[in-house]
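Please read the structure below before turning to the comments.
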Amino acid sequence: MKAPEHTKHESAALHVSGQALYIDDLAISNELHHGFVVTSKIAAGQLKAFNLDKAMAVSGVVAVLSYKDIPGENQMGPVIKDEPVLVANEIEFIGQAMFLIAAETIDIARTAANLIDIEIKEHTPILTLEEAIEKNHLLHPPRKIECGNTQEAFANAELTLEGSLKSGAQEHWYLETQSCIAVPGEANEIKIYSSTQHPSETQEIVADVLALDKMEVEVEARRLGGAFGGKETQGNHVAAWTALLANACGKPVKIRLNRDEDQKMTGKRHPFLSKYKVAYTKSGKITAASIELNANAGASTDLSMAILERAMFHADNCYFIPNMKIVGKAYKTNVPSNTAFRGFGGPQGMAVIETIVDRIARELKIDAAIVRNTNYYQHSQNNTTHYNQLIENNRLAILEEQLLESSQYFERRKQVNTFNQQHQFIKRGLALTPVKFGISFTTSFLNQAGALVNIYKDGSVLVNHGGIEMGQGLHTKIKQIAALELGIDIKHIKVNATNTAKVPNTSATAASSGSDLNGMAVKNAMDKLKNRIAPIAANYFNKELAITKVDDIHFKNDWVIDSKHPKRKITFKEAVMKAYFAQTSLSATGFYRTPNIHYDKAKGKGKPFHYYAFGMAVSEVSVDVLTGYHKIIRTDIVHDAGKSINESLDIGQIEGGFVQGLGWLTTEECKWDSKGNLLNHSPDTYKIPGINDIPKEFRISLLKGYPNPNTIRQSKAVGEPPFMLAFSVWLAIKDAISATNDHKEEPQFEIPATNEKIILAIEQLRLSDKSN
């Protein structure tokens, strides 16, 4: 039975009708108390003394906690324990949690917060990446990946260029802010309803904070109202705080941050300051590159080193560079710890090499699409990355062929040039950019997943797996996979809320691997169940003269069939009942681990990725040279999703990822004042893309006829790779800016390309023209 490729999102009707339940919608108990987090108002200092008596005396206050009231560890770092649950001594950023309050209403809790007496000694913070670099305020030792001989290649170079690129922070801006409800049970039990991408890690951190065994802590997540990486680790904070309050007052407690609190307290995409030097030939072939990636980690480690590592892995993007040296450094500053964000460092790494290719093209007066083609990884040669992974099933050539034709790139390039010669105040730009994105967790042991599948006597199927539904349609794909594997109608399958008591020790739903890992785990469980049911069906058929072999039993269209004798069949429901009466288990666990993943960090060599996803985009923009305002006239995308499980969902992810990429690259700018206060922490001051910011013509197609071997139903991950396709807009804007002085000089350009920065770049070129 073939599940439709355009199956609707399993919660779509619930979403639009308002029936979908999120954390804040759960009616847990009349005794539910409201939690509030009292945070630091300074970026660096020392907590000298405090008094909670006045706050505790407020009518309706149930509990006021400090670090002294934590039963277990005062730490919640996901990898390295360098992030206190509550301040005990050192204050490291504005928005850091200091005290917790539980009260009958949130207003009572806020009133109590203002009555806490605090004595603080303020220190001078390090707030910018540039200052941290100057002071060598490294978080951990640098990382390095190197291939070939860059020193020799630079010595023999025909041409060289060098420069730097600055990329800014980005707020996740999930619609559902960080939220959690903690419900104490009997004895030591506690249940956590958390908006988390990583329930098993949330379970572990709550257990550590409460000094409990993990078996006492149950974490459940039915759905998240968006995440984008911001709830991979930082959902743990709210869960730990909520659990502490519930444990202290013995009643259910809810914490839901409002938008301003969420943006002030949580980490962002890592800002980078990257430096580069490149050697190349007169034909545009890159022969060597030396790149230094400097990341602003914020106040603690979080996932910064893994993010930095992925940036280093993707600093080549789609280009073979025989001599390459990449050094990665993460710096500690006094802002909230920066964290995972869609692309997980990949965008910051790719931005550097795309800048380099664009600069080479401008220097040589060659179309950038040609320079890109000159440097693409090939099929039979020049197909090994700087970390020594062979690029298999390379789709770049076919993507380029299809996209150049469908977008009419070279014809439109001539039209853009003609337009720019005829118009003084409006300039157009055009750019083609590719994406090669590695799929797998780069921490090898995280590439595993589990499932639990129950078949009931009526033939209905309940699927539990370790992945998190956060709007991307993971549960929908899992339902489709389950239906295809069992050969039954999708209406007979339900995917349950993700729960650590059902599927233990799971990895985060991240690294674009939710369907890959959990889909395979569900398939493994389904295979076990079919292997139990098939012999029972064969025995039933064998009551007739001809022999039915177990291997000939197929599950198809709600039937269990003898494929050699098709008239021999029973319904799936009948087969299930026969298995039940034969005392056969109709419940099975499933497990999957990604094969052949390894990486030696010391040597900088290995195979960190199971496969690569590819994509390519062409974007055309117009820029008003007087205001810096830009419009996207048209974007064409061809994306490689393997054999798509659900084309509608995949196209939706491509659209969403691309538009979120636009935000980082053009409109979203985080600004802090000289004391470390985030200045734009609400929707009226932080500009995420709106309907007028997306392409007027948005043409997306999936690459057809190129299934992906050794993955669930030959599909490919599609969550993160499309984010980087937005580079086509960023470089099209740069192309338009460059046209203001006839492409004679490299514009000053960084991320994000806001209206202000576009105007400044145009002014820089105008002044340069005058001086020449």
**Item:** Search result, residues across segment 724-756 that are of a type outside the set (Phe, Trp, Tyr) and assigned to a loop (DSSP other than H, G, I, E, B)
**Value:** Asp742, His743, Lys744, Glu745, Glu746, Pro747, Gln748, Glu750, Pro752, Ala753, Thr754
**Item:** Members of segment 688-723 that are outside any strand (DSSP E or B), surrounded by fewer than 24 Cβ atoms within 10 Å (Cβ to Cβ), charged (D, E, K, R) and touching a residue at least 24 places away in the same chain (Cβ under 8 Å)
**Value:** Asp693, Lys696, Arg713
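Considering only residues that are among the hydroxyl-bearing types (Ser, Thr, Tyr) and assigned to a strand (DSSP E or B), which ones fall in segment 427-458? Give the derivation first.
As a first pass, look at segment 427-458 and keep what is among the hydroxyl-bearing types (Ser, Thr, Tyr): 433, 440, 442-444, 456.
Scanning segment 427-458 gives a single hit, Thr433.
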**Asked** What pairs come up if the first residue lies in segment 50-73 and is over 19 Å from Pro252 (Cβ atoms) and open to solvent by 60 Å² or more (accessible area, probe 1.4 Å), the second is assigned to a helix (DSSP H, G or I) and not β-branched (Val, Ile, Thr), and their beta carbons are under 7 Å apart, counting only those six or more places apart or on different chains?
**Response** Glu73/Asp208
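Counting only residues that are basic (Lys, Arg) and in a helix (DSSP H, G or I), how many does segment 335-371 have? Before the answer, list the steps.
Let us first name the residues in segment 335-371 that are basic (Lys, Arg), namely 342, 359, 362, 365.
Going one step further and asking which of them are in a helix (DSSP H, G or I), we end up with 359, 362.
Summing the residues that are basic (Lys, Arg) and in a helix (DSSP H, G or I) in segment 335-371 gives 2.
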**Item:** Filter result for the condition that a residue is under 18 Å from Phe441 (Cβ atoms), surrounded by fewer than 24 Cβ atoms within 10 Å (Cβ to Cβ), in contact (Cβ under 8 Å) with a residue 12 or more places away in the chain and of a type in the set (Gly, Ala, Ser), over Ala306, Ala311, Ala340
**Value:** Ala306
**Request:** From the list Leu14, Leu86, Leu65, pick out the single residue that is farther than 22 Å from Glu232 by Cα and either at pLDDT 95 or above or among the charged types (D, E, K, R) (or both).
**Result:** Leu65
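Scan Ala299, Ala289 and give me the residue that is buried (at least 23 other Cβ atoms within 10 Å of the Cβ), more than 18 Å from Ala153 (Cα to Cα) and modelled with pLDDT of 95 or more. Before you say what the answer is, go through the steps one by one.
Working: Ala289 fails: more than 18 Å from Ala153 (Cα to Cα).
After applying the criteria, what remains is Ala299.
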**Asked** Filter segment 1-49 for residues that are among the polar types (S, T, N, Q) and without any contact (Cβ under 8 Å) to a residue 12 or more places away in the chain; which is nearest to Lys191 (Cα to Cα)?
**Response** Asn30
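Identify all residues within segment 724-748 that are free of Cβ contacts under 8 Å to residues at least 60 places away in the same chain and basic (Lys, Arg); write none if there are none.
Looking only at segment 724-748, we keep the residues that are free of Cβ contacts under 8 Å to residues at least 60 places away in the same chain, and these are 741-742, 744-745, 747-748.
Listed by number, the list holds a single entry, Lys744.
In the list Gln472, Gln422, Gln480, which residue meets the criterion of being at pLDDT 95 or above and more than 29 Å from Tyr22 (Cα to Cα)? Steps first, please.
Values: Gln472 fails: more than 29 Å from Tyr22 (Cα to Cα); Gln480 fails: more than 29 Å from Tyr22 (Cα to Cα).
Answer to the selection: Gln422.
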**Item:** Which listed residue, of Leu626, Leu679, is surrounded by fewer than 16 Cβ atoms within 10 Å (Cβ to Cβ) and either in contact with a His (Cβ under 6 Å, 6 or more places away or on another chain) or free of Cβ contacts under 8 Å to residues at least 24 places away in the same chain (or both)
**Value:** Leu679
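Somewhere in segment 648-671, is a residue over 23 Å from the mean Cα position of the chain (by Cα), open to solvent by 50 Å² or more (accessible area, probe 1.4 Å) and under 20 Å from Ile751 (Cα atoms)?
Within segment 648-671, the subset over 23 Å from the mean Cα position of the chain (by Cα) is none.
For segment 648-671, residues over 23 Å from the mean Cα position of the chain (by Cα), open to solvent by 50 Å² or more (accessible area, probe 1.4 Å) and under 20 Å from Ile751 (Cα atoms): absent.
When you scan segment 437-452, do you find a residue that is of a type in the set (S, T, N, Q), on the phi > 0 side of the Ramachandran plot, modelled with pLDDT of 95 or more and within 28 Å of the chain's Cα centre (by Cα), even just one?
Step one: list which residues in segment 437-452 are of a type in the set (S, T, N, Q), which gives 440, 442-444, 447-448.
Now drop any that are not on the phi > 0 side of the Ramachandran plot, which leaves 440.
Checking the rest, the ones that are also modelled with pLDDT of 95 or more come to 440.
Checking the rest, the ones that are also within 28 Å of the chain's Cα centre (by Cα) come to 440.
Yes - at least one qualifying residue is present in segment 437-452.
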**Prompt:** List, please: which pairs have Cβ atoms under 8 Å, are six or more places apart or on different chains, and start with a residue in segment 137-159 that is within 18 Å of Asp600 (Cα to Cα) and end with one that is of a type in the set (Phe, Trp, Tyr) and open to solvent by less than 70 Å² (accessible area, probe 1.4 Å)?
**Reply:** Ile145/Phe313; Ile145/Tyr387; Cys147/Tyr387
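Residue by residue, here is whether (1) open to solvent by 70 Å² or more (accessible area, probe 1.4 Å); (2) touching a Cys at 6+ places or on another chain (Cβ under 9 Å); (3) free of Cβ contacts under 8 Å to residues at least 12 places away in the same chain; (4) closer than 15 Å to Ala297 by Cα holds:
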site	(1), (2), (3), (4)
Pro78	no, no, no, yes
Pro84	no, no, no, no
Phe93	no, no, no, yes
Ala102	no, yes, no, no
Ala109	no, no, no, no
Ile126	no, no, no, yes
Ala132	no, no, no, yes
**Prompt:** Which residues, counting only those in segment 426-469, are without any contact (Cβ under 8 Å) to a residue 40 or more places away in the chain, open to solvent by 10 Å² or more (accessible area, probe 1.4 Å) and closer than 30 Å to Phe341 by Cα?
**Reply:** Phe445
**Prompt:** Looking only at residues in segment 372-397 that are among the hydrophobic types (A, V, I, L, M, F, W, C) and assigned to a helix (DSSP H, G or I), which one is most open to solvent (accessible area, probe 1.4 Å)?
**Reply:** Ala397
**Request:** Scan segment 468-490 residue by residue and report those that are under 14 Å from Asn524 (Cβ atoms) and of a type outside the set (A, V, I, L, M, F, W, C).
**Result:** Glu485
**Number of the exception - Gln660 against (1) closer than 30 Å to Thr7 by Cβ; (2) touching a Pro at 6+ places or on another chain (Cβ under 6 Å); (3) polar (S, T, N, Q)** = (2)
**Request:** May I ask you to say which residue of Ala227, Ala248, Ala240 is at pLDDT 95 or above and assigned to a loop (DSSP other than H, G, I, E, B)?
**Result:** Ala227
**Request:** Give segment 398-425 a look and list any residue that's open to solvent by less than 60 Å² (accessible area, probe 1.4 Å), of a type outside the set (Ser, Thr, Tyr) and under 36 Å from the mean Cα position of the chain (by Cα), or say none.
**Result:** Ile398, Leu399, Glu400, Leu403, Leu404, Arg412, Arg413, Val416
**Request:** Just give me the residues in segment 507-561 being at pLDDT 95 or above, part of a loop (DSSP other than H, G, I, E, B), surrounded by fewer than 21 Cβ atoms within 10 Å (Cβ to Cβ) and touching a strand residue (DSSP E or B) at 6+ places or on another chain (Cβ under 9 Å), in sequence order.
**Result:** Asp558
**Request:** Return only the number of the condition from (1) under 30 Å from Ala482 (Cβ atoms); (2) part of a loop (DSSP other than H, G, I, E, B) that Lys81 does not satisfy.
**Result:** (1)
**Asked** Any residue in segment 664-681 that is over 18 Å from Asn755 (Cβ atoms), outside any helix (DSSP H, G or I), touching a Ser or Thr at 6+ places or on another chain (Cβ under 8 Å) and of a type in the set (A, V, I, L, M, F, W, C)?
**Response** no
**Message:** Can you tell me which residue is farthest from Arg362 (Cα to Cα) among those in segment 260-286 that are open to solvent by 40 Å² or more (accessible area, probe 1.4 Å), touching a Ser or Thr at 6+ places or on another chain (Cβ under 7 Å) and not in a loop (DSSP other than H, G, I, E, B)?
**Reply:** Asp260
**Item:** Single match in Lys479, Lys578, Lys573 (criterion: open to solvent by 10 Å² or more (accessible area, probe 1.4 Å), of a type outside the set (Asp, Glu), in contact with a Gly (Cβ under 6 Å, 6 or more places away or on another chain) and in contact (Cβ under 8 Å) with a residue 12 or more places away in the chain)
**Value:** Lys573
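The values are calculated or read from the model by the stated rules, or taken from the named source; none is laboratory data. Quantities reported herein were computed from a predicted structural model and do not represent experimental measurements. Don't worry about glycine lacking a Cβ; one is built from the backbone with ideal geometry, like all the others, and counts go over all protein chains shown. These area figures cover heavy atoms from the full protein model, side chains too; ligands, DNA and RNA do not enter into them. Shrake-Rupley method; radii C 1.70, N 1.55, O 1.52, S 1.80 Å.
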